[in-house]
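Participant: My structure is below; once you've seen it, I'll send some questions.
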Amino acid sequence: MAPDEFATADAAPEPEREGHGWWPYIGPYGGFLLMSELGARLPEAAGPFLLLLKPAIVLALILWFRSRGAYPEWRGEGARIGWRGGALDLLVGLALTAVWVVPFLLIPSLRPEPGGEFDPAMAGEEFVGLILVLRLFGYGIVTPIFEELFIRSFVMRMADAWEVEDFRGLPIARFTVRSLLVTTVVFTVGHVPWEWWVCVPWVLLSSLWFYYRKSLSAVMLVHGVTNGALLALAIWGGELFRDADGSAFSFWFFV
């Protein structure tokens, strides 16, 4: 296949299957949640260290599982993006950024209560650049990888796995109403309630794109572009929009 063509694989490569195969998907996702709960109980001074530690541990788990043969669906066609497809993934990710942001611009009552926003100066003004790089690493790179492996590869196939003995026998990106609904619910409840308004349309639309692209790397790119664009808006977009009282709209609560 030429590098600028879409991936069209309908089935994942056949792996050597041992056990139920859940841990490569549940482990990184559950580990991130566990570390988030632990981090919420640590002093604020631990914040900068957690920015590096959480995504680094999750990524290390993913790479370890992958080195042992996990994620066969994230190889070959399932990992391919291509130049033409990647450009469209980028545009879709930016469009889905608007899906995530616009409701909060138009309806202020949807926004969370003030407090708890990400603080890029948590380690002091002299380290703002480093903190933002660490945030991009976790939020824009690692989060899309482990969330998409869990949601789009594991949950989406598990939704239909009662029909077979092993979810790994199902191809990725196979459309069924059940898989679409289950994926939407699981992704949404994995976020805080004030985000649910935008989680539902975001995951529905990105799932439809995934069904079309049939590439985990493609949907990871879409997810990463959305998260990266949100962080960019938080850094540089504060003066782009203003509320009815004339105050600048802050994007920091998104990241």
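Read-outs: derived from the displayed coordinates by stated rules, not from any lab. Bear in mind that the values here come from a model prediction, so they are computed numbers and not experimental data. Neighbour counts run over all protein chains shown; Cβ positions are idealised from the backbone, glycine included.
Participant: Rounded to the nearest 500, what is the 222 nm mean residue ellipticity of the chain from helices alone, with -39500 (n - 2.57) per DSSP H run of 4+ residues and division by all residues? Don't skip to the end; give the middle numbers.
Facilitator: Working: 8 runs with 129 residues, N = 255.
Theoretical 222 nm ellipticity from helices: -17000 deg cm²/dmol.
Participant: Mean separation of Cα pairs under 8 Å and 6+ residues apart, divided by the residue count of the chain: what relative contact order is that in percent?
Facilitator: Computed value for the chain: 29 percent relative contact order.
Participant: What spacing in nm lies between the two simple spin-label points modelled at Arg68 and Leu208, each 7 Å away from Cα in the Cβ direction?
Facilitator: Those two pseudo-labels are separated by 3.9 nm.
Participant: Give the range of the longest stretch in the chain that excludes all GluC sites (Glu not before Pro) found in loop regions by DSSP and having at most 12 other beta-carbon atoms within 10 Å.
Facilitator: Free of exposed loop sites, the longest segment is 19-164.
Participant: To the nearest 0.05, what FRET efficiency results for Glu117 and Trp162 with a Förster distance of 41 Å applied to their C-beta separation?
Facilitator: 0.45
Participant: Which loop trypsin sites (Lys or Arg not before Pro) in segment 20-122, with loop taken from DSSP, have no more than 11 other Cβ atoms within 10 angstrom of their Cβ?
Facilitator: Arg41, Arg68
Participant: Let me ask something additional. Hey, how many Å between the Cα centroid of segment 163-220 and the Cα centroid of segment 23-61?
Facilitator: Segment 163-220 and segment 23-61 have Cα centres spaced 23 Å from each other.
Participant: Taking springs between alpha-carbon atoms closer than 10 angstrom, which of Val222, Val192, Val133 fluctuates most in the Gaussian network model of the chain?
Facilitator: Greatest mean-square fluctuation among the candidates belongs to Val192.
Participant: Go ahead and set up a Gaussian network model of the chain, Cα springs under 10 Å, then flag whichever of Pro144, Pro43, Pro108 fluctuates most.
Facilitator: Pro43
Participant: In nm, to one decimal, how far is the modelled label at Leu91 from the one at Ala248, with both set 7 Å along Cα→Cβ?
Facilitator: For the pair Leu91/Ala248, the computed spacing is 3.2 nm.
Participant: Sticking with this one: If you take the alpha carbon radius of gyration of the chain and divide it by 2.2 N^0.38 Å, what ratio comes out, to two decimals?
Facilitator: That works out to 1.04 for the chain.
Participant: Then there's this: At Leu33 and Trp236, where each label point lies 7 Å from the Cα along Cα→Cβ, what is the point-to-point distance in nanometres?
Facilitator: A separation of 3.6 nm, rounded to one decimal place.
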